[in-house]
Amino acid sequence: MTEGRELHAMGETGTRWVEHGMQKSEQSLVSGSPPHRRRVDPEVEQRRRVIVVLLRQHPEGLTAREIREATGLSKNLTESALSGLFTRSVVHKNGHRYVLSRSRTML
């Protein structure tokens, strides 16, 4: 490779890009743009809230199927909402059951 040029692989997408001259941290300081944060759809947040309320009523936890049947949501919407709650540490898994985390029971 030529001097001042580095080739980086992007993780999940498999696409590649070339960075000229500066390191990533230097580029973000120069551009001055704040880190991008996604806005969450209010309907998505509502689905998550419904699941949190349901899990508060079942401290022993519920399976994804039980949550889906109780909420009437499709399998995809239930899995998506649970995934968001899991990555935010609002819920954790105990075997096959989703249980509210003690430290993050508020949403």
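In region 82-95, the residues that are more than 15 Å from residue 60 (Cα to Cα) form Cβ pairs under 8 Å with partners that are at pLDDT 95 or above and open to solvent by 60 Å² or more (accessible area, probe 1.4 Å), at six or more places apart or across chains, as follows: 86/92; 86/93.
If you check 63, 87, 78 for being open to solvent by 30 Å² or more (accessible area, probe 1.4 Å), under 12 Å from residue 98 (Cβ atoms) and not aromatic (Phe, Trp, Tyr), only one passes: 63.
Are any of the residues in region 44-58 assigned to a loop (DSSP other than H, G, I, E, B), under 22 Å from residue 101 (Cα atoms) and modelled with pLDDT of 95 or more?
Residues of region 44-58 that are assigned to a loop (DSSP other than H, G, I, E, B), as a first pass: 58.
Filter again for under 22 Å from residue 101 (Cα atoms), leaving 58.
Next, from what is left, pick out any that are modelled with pLDDT of 95 or more: 58.
The answer is yes, given that some residue of region 44-58 is assigned to a loop (DSSP other than H, G, I, E, B), under 22 Å from residue 101 (Cα atoms) and modelled with pLDDT of 95 or more.
The values are calculated or read from the model by the stated rules, or taken from the named source; none is laboratory data. Every value quoted in this text rests on a predicted model; they were computed, and no experiment measured them. Every residue, glycine among them, receives a Cβ derived from its backbone with ideal geometry; neighbour counts consider all protein chains shown. Heavy atoms of the whole protein, side chains included, go into the accessibility calculation; ligands, DNA and RNA do not. Shrake-Rupley method; radii C 1.70, N 1.55, O 1.52, S 1.80 Å.
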